[in-house]
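Structure, as structure tokens:
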Amino acid sequence: MRVLVSAAGSHGDVLPFIALSRELAARGHEVFFYANPYFRDFVPDGGIRFVPVGAAGDHATLMAELSDDDPNRAFKRVTRELVGLCPQFHRAMQSDARPGDTLALGSSLLFAARLLRETDGVPCATVHLSPSVFRSNERPPRLVPNWITTRTPFLLKRAAWWLLDRAFYDPNVTAPFNRYRAELGLPRVDRVFRSWIHEADCVLGLFPDWFGDPQHDWPPGVALCGFPLCDQGPARPMTPALEAFLSDGPPPVAFSAGTATASAGAFFETSVAAAQIAGVRGLLLTPFAQQLPRRLPDGFLHVDYVPFSTLLPRLAAFVHHGGIGSTSQALRAGVPQLIRPSAYDQFDNADRAVRLGVAKEILPRRYAPEAVSAALEDMLADATLSRRCSEIAARLVGNEAIRKACDTLLDRLGPLASAGRFA
């Protein structure tokens, strides 16, 4: 079977699709992986054909333009980028589709696989990495710091979703997407995020039900497979400098603003000051060194990239942005989390981690040295939080999410591809 896999965004957005591609290739399928050239070195040689879409500089430019202080502008920029890339992904995948023997796989906001279903009859799967994409009135995902909740009156919930669509999603996603659909001779879609985003032959959620519990008003047939928990652990061992730093004192606190922003200088400056006040060593994680102070004090180290599966179990605490990849890896490592959400799915992920009893949240406007140091000191002294972290980590021992996802994908889409039709 030929499998066309498309992915775009940050490391946390792309690495799960690389893991899925690796598993499918190991099962003997012919896998084509479409992504920005920036991710070429993350795709293993042999068994997977890497197809570059766009230019490597485009990825760096996008990351540099994502404001850490303006979530609305950041989301607009991301959606504009992904919708703009959709034609390139669609055409590249279309040229590799083989009638009667092809499946397509894409992410929540990269619609090329869904388009291939409509233009070429290729069965497709949509993979949602976090529960925030599932619109619900029973348990609304938290999309901004203050949003509708389960207790909000029903009519106000409907009004909130309508306003979100009309004021934000429609102009930034639906309108430009419909322009390309018109070029393809496809009918318009309305309110993409209400239902169309889930209208695929197979919808997978790469998170467990105890993190994102399905609601009665979720679309039917969603298969929850668990966290992918994938990185480059075996292939990218720690550097000698990092190993020496970890071994040369008490476990440090790591600080990360995520790999999808290059404008978090204030975050790292505050983090260094907070760690000094709390009396802890600090590890600063970012591929964009220009965000860091020119000189780091003693007891601090900068690392551009290190697999979380090997690093996080050796930390005292992890301060991060709340991306689903960072959150899930910290859950597996059993490390206390201080989450500073600023955009995308981060508010919802933070809310769920706090509810599990393994994390505390601090919003960007409160991210000041004294507040962060106080939160760290409380977390490191909290035996209940530490015990809860260990309990949640035990749930992720022997995790087989990637295998389950591939089983479901092939079971649901394989017969459709062989029959040369889609549901």
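The values are calculated or read from the model by the stated rules, or taken from the named source; none is laboratory data. Remember, predicted model here, so these are calculated numbers, not experimental data. Cβ sites come from the backbone with ideal geometry, for glycine too, and all protein chains shown count toward neighbours. The accessibility values were calculated without ligands, DNA or RNA, using every heavy atom of the protein model including side chains. Shrake-Rupley method; radii C 1.70, N 1.55, O 1.52, S 1.80 Å.
Which percent of the accessible heavy-atom area of the chain goes to carbon and sulfur, probe 1.4 angstrom? Exposed carbon and sulfur together represent 51 percent of the surface. Working note: 222 nm ellipticity from helices only, DSSP H runs with n ≥ 4, each -39,500 (n - 2.57), summed and divided by the residues of the chain, gives -12500 deg cm²/dmol to the nearest 500. A Stokes-Einstein calculation at 37 °C with viscosity 0.692 mPa s, built on the Kirkwood radius of region 135-252 over Cα pairs, returns a diffusion coefficient of 179 µm²/s. Here ALA56 and SER309 are evaluated by their C-beta separation; at R0 = 22 Å the FRET efficiency comes out at 0.30. Per-residue extension of 0.36 nm, minus the Cα-Cα distance of THR239 and ALA383, leaves a gain of 48.6 nm for this segment. When you restrict to C-alpha pairs under 8 Å that are six or more residues apart and normalise by the size of the chain, the relative contact order lands at 18 percent.
Using per-residue counts of other Cβ atoms within 10 Å, averaged over each peptide, order 306-316, 209-219 from highest down.
Top to bottom by mean Cβ count within 10 Å: 306-316, 209-219.
Site pair SER136 and VAL354 shows an inter-label distance of 1.8 nm when each label is modelled 7 Å from Cα along Cα→Cβ.
For ARG27 and GLN94, calculate 0.36 nm times their separation in residues minus their Cα-Cα distance, and state this gained length in nm to one decimal. Kindly include the intermediate steps, with their values, before the conclusion.
Numbers: separation 67, 0.36 × 67 = 24.12 nm, distance 2.33 nm.
Once the chain is fully extended between ARG27 and GLN94, it gains 21.8 nm.
Give me the dipole magnitude in Debye, nearest 20, for the chain about the Cα centre, with unit charges on the beta carbon: positive for Lys and Arg, negative for Asp and Glu. Intermediate results must be reported in sequence, preceding the final value.
Values: 44 positive and 43 negative charges, 148 e Å.
Using only the charged Cβ atoms, the result is roughly 720 debye.
Here the simple spin-label model places points 7 Å from the Cα toward Cβ, and for ARG80 and ARG194 these points are separated by 2.6 nm.
For LYS360, a cut-off of 18 angstrom between C-alpha atoms picks up these aspartates and glutamates, skipping any fewer than 8 places away in its own chain: ASP345, ASP348, ASP351, GLU370, GLU377, ASP378, ASP382, GLU391. The figure for SER418 is an accessible area of roughly 90 square angstrom, using a 1.4 Å probe on the protein chains alone.
Counting 0.36 nm for each residue step from ARG295 to GLN215 and taking away their Cα separation leaves a gain of 23.9 nm.
Per residue, the chain exposes 41 Å² of accessible surface when a 1.4 Å probe is rolled over the protein heavy atoms with every protein chain present.
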